[in-house]
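The values are calculated or read from the model by the stated rules, or taken from the named source; none is laboratory data. Keep in mind that this is a model prediction, so the values were computed, not measured. Virtual Cβ from ideal backbone geometry, glycine too; neighbours counted across all protein chains shown. Only protein heavy atoms, including side chains, enter the accessible area calculation; ligands, DNA and RNA are left aside. Shrake-Rupley method; radii C 1.70, N 1.55, O 1.52, S 1.80 Å.
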Amino acid sequence: MLCAALPLAAAIVRGPPILRYGSAAIDTRGAPSLIAPSSVASALEGTDSALDSMDLAALALDGSFRPTRGPDGRLEPVLTLPGDSLETTPPMGAVTVSSTAATLGVVALAFVRSGSPLPPLLGVAAGALLGELFSGAFHWATDNYGRLETPVVGFACAAFQGHHLAPWTISHRSVFNNVYKIAGATLPLLGLGLALLPPSGAACVAVMFYLQLIAQEFHRWSHTPPSKLPEWKRRLQRAGVALPVPEHIAHHKPPFDKHYCILTGRLNGVLDSEPVLLWRRLEALVYRVNGQEPLSWKSDKVRALALSLWPARRDAAGQGKFRDSE
């Protein structure tokens, strides 16, 4: 919990394998002190180039805007949602600080009220695991279903789906501008957890929801060229504590059907592969229940895979034929 809160705490008070993209090999294993400066520079340049290639590929998906590059070489931000802004205001910082303090308070209360440190520790550990999974589930749902007009979560659906068209924009946000909406949503949920759950259970829920702020901030880092990140953030990425850039680049490929977890990304390999294939199974379930097809099914291959994981329905005429839907 303390390690995960490090990025927001820093703002308030102020390892993976080798992955190859194009001709650049990105070594995320070694300690920085043991890597020659030229190797570090080469790795940073390779990852920067991979991010830029991803952004240019996103531009090709929608020809309605042609952003120019700013003085730092990044594409200028493109805001795709009504009322969205890159401005950072005092209320954004206040709600983020409040969420951080409330979460720490709930966790501390669990340790105070528990007769043993084991239940709260287990609660925090379970919350960390569920936080990773929740980041993927929410990302999957908002990427694939809903639109701006959808009640309650419409803005999130439009934001995640629009993000695929201008993924570089998030790198222009401040930490508070990036996470304050999630922070605001956590506050009533923390209160609900305290009211309905035992202290260790409330701590578990608090950690799970608070880690969504952290996941969104790690998401921002993964879209920021590493050469423009401070070394301590790159260290967290190399250690697999924060979402590595190559891991998230793997998500930004149409039809955006994999690599949904954005906290550390460590669960993606399990959730995306056989026999789990969690997202395809959930898509098939939703389709069976209400006939809604996810956006990932724009790929016939993804659609066929999902439908193959759910028993087909027998034809109503009882002639032994099977069909995909009602």
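Kindly evaluate LEU263 against the criterion of being touching a helix residue (DSSP H, G or I) at 6+ places or on another chain (Cβ under 7 Å) and open to solvent by 50 Å² or more (accessible area, probe 1.4 Å).
no
Find all pairs meeting these conditions: Cβ atoms under 9 angstrom apart; at least six residues apart or on different chains; first residue within region 266-293 and farther than 30 Å from ARG238 by Cβ and open to solvent by 80 Å² or more (accessible area, probe 1.4 Å); second residue of a type outside the set (Val, Ile, Thr) and in a loop (DSSP other than H, G, I, E, B).
Partner pairs satisfying both residue conditions: ARG281/LEU309; ARG281/TRP310; GLN292/TYR145.
Out of region 209-248, which residues are aliphatic (A, V, I, L, M), in a helix (DSSP H, G or I) and crowded, with 22+ Cβ neighbours inside 10 Å?
LEU211, LEU213, ILE214, ALA215, VAL245
Would you confirm whether or not region 146-168 contains a residue that is surrounded by fewer than 15 Cβ atoms within 10 Å (Cβ to Cβ), more than 23 Å from VAL207 (Cα to Cα) and of a type in the set (Lys, Arg)?
For region 146-168, residues surrounded by fewer than 15 Cβ atoms within 10 Å (Cβ to Cβ), more than 23 Å from VAL207 (Cα to Cα) and of a type in the set (Lys, Arg): present.
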